[in-house]
Protein chains: 2
Amino acid sequence: MKHCLIALAACLGLVGAARATEAVDHAMVGKIRQEAFHRSQVMQTLSQLTEDVGPRLTNSPGMAKANAWARERMDGWGLSNVHDEAYGPFGRGWEFRNASVEVLAPRPFPLHALPKAWTPGTNGPVEGEAVAATLKTQADLDKQRGKLRGKIVFLDAAREYKPGDKPDSDRYDDHELEELRAFTVPKDRDPAKRAKDAKERLEQIALTEATNRFLAEEGVLATVSISTWDNGIIRLGGGGSRKAGEPAGVPALTMMAEHYNAVMRSLERKQPMRLRVNVDARFTGDTDEMGHSTFAEIPGQGALKDEVVIIGAHLDSWHAGTGAADNAAGVSVMMEAMRILKAVGAKPRRTIRIALWGGEEQGLLGSSDYVTRHYGGWPEPTDPQQKKLPLSLREPTGPLQRKPAHGKVAAYFNYDNGGGRIRGIYTQENTAVAPIFAAWLAPLNDVGATTVTHRNTGSTDHIPFDRIGLPGFQFIQDRLDYFSNVHHSHLDVLDHVVPEDLKQSAAVVATFAWHAAMRDEKLPRMPVREP
Amino acid sequence: MKHCLIALAACLGLVGAARATEAVDHAMVGKIRQEAFHRSQVMQTLSQLTEDVGPRLTNSPGMAKANAWARERMDGWGLSNVHDEAYGPFGRGWEFRNASVEVLAPRPFPLHALPKAWTPGTNGPVEGEAVAATLKTQADLDKQRGKLRGKIVFLDAAREYKPGDKPDSDRYDDHELEELRAFTVPKDRDPAKRAKDAKERLEQIALTEATNRFLAEEGVLATVSISTWDNGIIRLGGGGSRKAGEPAGVPALTMMAEHYNAVMRSLERKQPMRLRVNVDARFTGDTDEMGHSTFAEIPGQGALKDEVVIIGAHLDSWHAGTGAADNAAGVSVMMEAMRILKAVGAKPRRTIRIALWGGEEQGLLGSSDYVTRHYGGWPEPTDPQQKKLPLSLREPTGPLQRKPAHGKVAAYFNYDNGGGRIRGIYTQENTAVAPIFAAWLAPLNDVGATTVTHRNTGSTDHIPFDRIGLPGFQFIQDRLDYFSNVHHSHLDVLDHVVPEDLKQSAAVVATFAWHAAMRDEKLPRMPVREP
C-alpha cells in the first residue's frame, strides 16, 4: 500500500505534502468540462480563423483581418477591454495569390513550389535556365558574379530521400511521459561560444543582405530552395527582407524535395532545363508599419483585480497553408477557454487576459515587445550591431529594469505545440509550481493531462515572461503529425487538427486560468537568470 | 537438432525430399551476384527511363520514346531479336504539359491538382464558380441538367483526414513472411454475383459515357475529384475516354485531399468560391492507334532453343510522377537481369526473352494480347456488350484454344510490386514448383529472398499466362512506401526507389531466368481453370 501511494504521488508529480494545501475548485472544473466537451465552439472558431480569415503572415492583410475577426468574436462573447496593441515597427506587409513553376524543356512538366514570404513577385511569367549555385559566403558571391543573369538559381544541394520509418502521427505513451520527467543538469554556458554565435549571426545578417543585393544587381530571375521535408511537403518561411529600404532580393521559392532533386539531377547530367516561373506576390506598402496583437479580458473582482493571469497564443502564421496547427489551434483553444469561463459565469478574483500575439514567427516579437513595455526588460543596446542580435546573444546592457506591473502578473500560460491535446506542463525549473500544477491537473488526469516536468521548453511566447522572472509556462502537448507533416508546411490546414484534442485543451487551459486567478497568492516565481 | 532441421526446411519452403533433385548452378549464381552487386547498371537504367524518357502513359509520345529507348539500350547490350510488337488498337495518345487551379475569391490561393489522362485541356485559363454535384446515376444527371453550365464541378464528398498510425515505409519481417505462407481455402464462386458484377460493369460503362456526354453538352468547365490519399499526395488515373469517337467529357482533375476538402467546406458554408483552371493537355491524334510492347532475347542453344523463359514488367505508367516504382523499377530490374546474363556470358539452353509491356495500367492489355496471339485464349465473344467486359466477367465462349507455341513456354516471371527487394515468390497454387523455387532461392536467402507461398497474386502481367495454364509468376517484394506514398501518385519518382533493392531484385531474377532456361524440364504446369 505504501508503494502504491508513493507511486501515485510520483505519478501526480507531487513532492512531500504540498498538495494538501492547494485548493482545487472541483465544482468549477465540472462546469468547465461540461461547457468544453458538450457545448464546444472551438472548431467553429478554428474554422473561421483558418478558412474565412486564412493565413496570417505578420503585417499581411490576412493578419489585420485576423485581428479584427478576433476582436469581433470576443466582443460578441461579452469579453471586456477588447483591443489591439501595436508593437514595432515590424516592417512591411506581404501577401501572395499564386505561384507556379513549369519545366518547359526538355520535358514539359509542372513543379510544385511556393514563394518565401517577403520576396518579390515576378510581375507575370518569366522564363530562364535552371542553374545550381551555392551562395553561402562572400567568396561564393564573388565567384558567381556575372554568371547568373536571367537564370533561375537552385541554391541547395540535392538531398537523398529518407524513408519514413515511424508513424506520421503519434501520442505520448506512459513510458514517454515518464521519461519527460527526467531532468538533465545543464552544462555551464560557454561565453566563447556565445561570442562566436553572435559574430556568426552578424556575419549571416550581413551576408543575407549582400546576397539579396547581389541577386537583384545580377538580374537573377528567381531562386529556388529545397523543402526541408520529403513526400511532396512544401515547408517554408521568409526570405528577402520585410524591412523598407533593405534589399528584398528576387523572387524566391521553396520547392518540394522530389521535384528539386530531379532538377539537380538533370543539371548534373549536363542536361539543360528551361523553366517558367510565375509568382503573384506583393509587398503591401513601402514603409515599415507597426504590428498588432489582440487582447481581451474577463475583469477581476475585489482586492486582486489589478493582478492578471494571461493566457496566450500567436495569431500570426506562415502562408503555405492556413496556419491551422501553428497556431490557429492555440488561438482557438485560448479563445475557447475565455468563452468557457464567460459561459460558466466565472467571476475571477484576478483579471484573466487573453493575448493573441503577432510576430511570433519572426522572433516572438509581439510578446517580447508587450512584456518589455508592460513589465520590464534590459536596457536596449546603443551599438547598432548589438541591436540586430536577439537578446540571448547580446552583450550585457545592465540590470533588469522592472516596471510596476511586473508585480501584478500571477501567471502566463501559452499554447503553441500544434493541435495535440495537453498531456501536462513544463515548469521551466520552477519547482515550487509543480505541486500546484499537479493539483490542478488531477481532475483532468482522465483526459490524459497528467505530467509535470521541470524541463524548460522554448521557442514561443512564454519565453519573454520567463526570462524576466515572470511565471510563464507552455503545455506539454501530444505531437500528432506536427513535426512530420504540418509545421510551417502547406499541409498546415484544418484537416490535420483533431477536434477532441482542442476541446480537451480548452478545458485544461480554462481550469488553469481559473485556479491561477483564484488562489490567494500569485504563482511562485524564480530568480531572474541573465538572458 | 531435429527441430532445427524441421525449422530450416520450413524456412526454406521445402516439402519432403524434392529439393535433393533440383540442381542449382552455384557457380553461375556467384557470377550473377557479383555482376548485379558490384557492376550494377540498374540505377543508370532507371534514371534514364524516369528522367530522360519521363512518364509513359500508354500511347503517349513518352511511351513511344520509352519503346525506342528500351530497344536502343538493349541493342547496345548485344541482346538479340530486339523489336516491338503491336497490340490493339489501343486508342488515342494523350499528354499534358501543365495544370493549375487557383482560388480567385474569396481568398486568392493556389490549389494543387493534376489532370486525369484522356481528358481534354482547357485551351487556356477558364474561370468559374465551384459547385458540388454528385453524378453517379442517370437520375443524378437528370437532376443536374441545366444547372452546371460554366461551373467547375466537385464530384466527390469531402473525406475526413486519417492520421498515419503506421510508418510510411516498411519491409516484411520474419513473422509476416511466415504468415504469407498460410493459404486460405477459397469459397465457391457465386455465379449470381458474377452476373450481377457483369451487369453493374456494363451499366457503369454506359453511365461513364453518358456522363462524359452530359458534361460536354451542359458546358461544364471542368470537374474535380478528391485524391484517394491524404497529406497532399495526388493519386490519379484516367478519365474521359481514350477511344476515338467516344465522348471525352471535359477537363477533369484530381486534387490533393486537403485542398479539395477546403473547397467543399466553403461550399457547405454557402461561401461561393471562384476558381481559375488552366490545363495544358492534348490528345495526340484523332484515331485509335495500336499500342506497343518491346521485346529482346538471349537466344537458346541446342535442342531446347525454341522453348522460352520470359521475364517481364510493364513499360507504361501513369503521368503524375515518372512511374519510377510503377513500373520503371520492374523494367530496370528485368533489363538489368538480361544485361547481367549477357555480361556473365550466359549461354542458356532455352531462349530467355524480356517483355516490356504496354497498356498494363488499362487492364494488362499488352500482355493479354501477346499471350492470346502467341499462346492461345478463349474465343472472342460476338455480342458487343460481352466484348466490353473483362475476361473474368464474360459468359463462357467455348474451350481454351491453345496455339502450338503454348507448349514452348517454360516460365514467365513478372516484377510489378514497386521497387522493394524480392522476398520470395507466389506459386499461384502450383505446388509442384515450390521445391524448385525454394532451391533457386537458397543461394539468395542471405539477401532476404526466402519465401515460397502458394497464394495467388493478381493485377499484373503474369495473369494472362497463368489463366491459360502457363506457369506465370510474380515475386513477393518488400512494400517500402509503395502503398502509402507512391502508387499512381505524383511521388512516384526516382527518389522513392532504393538502389540496393533493385540490385538484389536483378540478381534474383537473373538467377530464376537462368535456372528456368537450363533445367531439363519446363516448369510444372497446372490444369486450366476457366477464366
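Before moving on, here are some points about what is shown:
- For region A:78-98, the set of residues classified as over 16 Å from A:GLU361 (Cβ atoms) and surrounded by fewer than 19 Cβ atoms within 10 Å (Cβ to Cβ) consists of A:GLY78, A:SER80, A:ASN81, A:HIS83, A:ASP84, A:GLU85, A:ALA86, A:PRO89, A:ARG97, listed by residue number.
- Which listed residue, of B:GLY91, B:GLY124, B:GLY146, is at positive phi and within 14 Å of another protein chain (Cβ to nearest Cβ): B:GLY124
- B:ALA303 meets all of the listed conditions (1) farther than 30 Å from B:ALA513 by Cβ; (2) touching a residue at least 40 places away in the same chain (Cβ under 8 Å); (3) away from every other protein chain (no Cβ under 14 Å) but one, namely (1).
- Here B:LEU304 fulfils each of the conditions (1) surrounded by fewer than 24 Cβ atoms within 10 Å (Cβ to Cβ); (2) assigned to a loop (DSSP other than H, G, I, E, B); (3) assigned by TED's automatic domain parsing to the domain that holds B:PHE109 apart from (3).
- Residues that are among the polar types (S, T, N, Q) and closer than 19 Å to A:SER505 by Cβ, drawn from region A:428-472: A:ASN445, A:THR450, A:THR451, A:THR453, A:THR457, A:SER459, A:THR460
- Counting only residues that are surrounded by fewer than 17 Cβ atoms within 10 Å (Cβ to Cβ) and either more than 21 Å from A:ARG107 (Cα to Cα) or of a type outside the set (Asp, Glu) (or both), region A:268-301 holds 13 of them.
- Only residues that are touching a residue at least 24 places away in the same chain (Cβ under 8 Å) and farther than 17 Å from A:SER227 by Cβ were counted across region A:149-165, and they come to 3.
- Some residue of region A:238-261 being within 14 Å of chain B (Cβ to nearest Cβ), more than 24 Å from the chain's Cα centre (by Cα) and not in a helix (DSSP H, G or I): no
- Number of positions in region B:483-506 that are within 11 Å of chain A (Cβ to nearest Cβ) and either part of a strand (DSSP E or B) or of a type in the set (Ser, Thr, Tyr) (or both): 2
- Scan of region B:412-449 for residues that are closer than 17 Å to B:VAL24 by Cα, crowded, with 23+ Cβ neighbours inside 10 Å and in contact with a Lys or Arg (Cβ under 8 Å, 6 or more places away or on another chain), ordered by number: B:ILE436, B:ALA438, B:ALA449
- Residue pairs meeting the criteria (Cβ under 6 Å; at least 6 apart or on separate chains; first more than 7 Å from chain B (Cβ to nearest Cβ), in region A:105-120; second of a type in the set (Phe, Trp, Tyr)): A:PRO115/A:PHE96; A:ALA117/A:TRP94; A:TRP118/A:TRP94
- Hey, A:PHE465 crowded, with 24+ Cβ neighbours inside 10 Å and in a helix (DSSP H, G or I) or not: yes
- Scope region B:179-201; condition in a helix (DSSP H, G or I) and without any contact (Cβ under 8 Å) to a residue 40 or more places away in the chain; matching residues: B:GLU179, B:PRO191, B:ALA192, B:LYS193, B:ALA195, B:LYS196, B:LYS199, B:GLU200
- Checked across region B:522-530, the condition of being hydrophobic (A, V, I, L, M, F, W, C), buried (at least 24 other Cβ atoms within 10 Å of the Cβ) and touching a Gly at 6+ places or on another chain (Cβ under 7 Å) holds for no residue.
- Conditions (1) at pLDDT 95 or above; (2) β-branched (Val, Ile, Thr); (3) not in a strand (DSSP E or B): number failed by A:VAL452: (3)
- Number of the condition not met by A:THR134 [criteria: (1) closer than 30 Å to A:GLU200 by Cβ; (2) away from chain B (no Cβ under 14 Å); (3) in a loop (DSSP other than H, G, I, E, B); (4) in contact (Cβ under 8 Å) with a residue 40 or more places away in the chain]: (4)
- Some residue of region A:281-299 being part of a strand (DSSP E or B), acidic (Asp, Glu), under 27 Å from the mean Cα position of the chain (by Cα) and within 19 Å of A:HIS112 (Cα to Cα): no
- Residue count for region A:9-66 satisfying the condition of being at pLDDT 95 or above and part of a helix (DSSP H, G or I): 31.
- Among the criteria (1) outside any helix (DSSP H, G or I); (2) more than 9 Å from chain A (Cβ to nearest Cβ), the one B:TRP69 does not fulfil is (1).
- Qualifying residue in region A:394-411 (condition: crowded, with 23+ Cβ neighbours inside 10 Å and out of contact with any Pro (no Cβ under 7 Å at 6 or more places or on another chain)): yes
- Any hit, region A:153-170, residues being more than 13 Å from chain B (Cβ to nearest Cβ), over 30 Å from A:GLY418 (Cα atoms) and crowded, with 19+ Cβ neighbours inside 10 Å: yes
- When region B:269-285 is filtered for residues that are more than 17 Å from A:GLY54 (Cβ to Cβ) and within 14 Å of another protein chain (Cβ to nearest Cβ), the ones remaining, listed by number, are B:LYS270, B:ARG276, B:VAL277, B:ASN278, B:VAL279, B:ASP280, B:ALA281, B:ARG282, B:THR284.
- Taken together, the criteria place B:VAL82 among residues that are under 27 Å from the mean Cα position of the chain (by Cα) and either more than 14 Å from every other protein chain (Cβ to nearest Cβ) or free of Cβ contacts under 8 Å to residues at least 40 places away in the same chain (or both).
- Check on A:GLY420, on the phi < 0 side of the Ramachandran plot, in the same structural domain as A:ALA507 (by TED's automatic domain parsing) and in contact with an Asp or Glu (Cβ under 6 Å, 6 or more places away or on another chain): yes
- Boolean, A:SER225 is assigned to a loop (DSSP other than H, G, I, E, B), assigned by TED's automatic domain parsing to the domain that holds A:GLU129 and within 21 Å of A:GLU95 (Cα to Cα): no
- So B:PRO120, is it over 26 Å from B:ASP230 (Cβ atoms), part of a loop (DSSP other than H, G, I, E, B), within 28 Å of the chain's Cα centre (by Cα) and modelled with pLDDT of 95 or more: yes
- Answer from B:PRO247, B:PRO251 - the residue that is in contact (Cβ under 8 Å) with a residue 60 or more places away in the chain and under 29 Å from B:PRO390 (Cα atoms): B:PRO251
- Selection from region A:185-212 of residues that are over 25 Å from the mean Cα position of the chain (by Cα) and polar (S, T, N, Q): A:THR211, A:ASN212
- Residue within region B:43-51 that is in contact (Cβ under 8 Å) with a residue 60 or more places away in the chain, away from chain A (no Cβ under 13 Å) and at negative phi present: yes
- Condition broken by A:TRP318, with the remaining ones in (1) modelled with pLDDT of 95 or more; (2) surrounded by fewer than 24 Cβ atoms within 10 Å (Cβ to Cβ) satisfied: (2)
The values are calculated or read from the model by the stated rules, or taken from the named source; none is laboratory data. Computed from a predicted model, the values in this text were never measured in an experiment. Cβ atoms come from the backbone with ideal geometry, glycine included; neighbour counts cover every protein chain shown.
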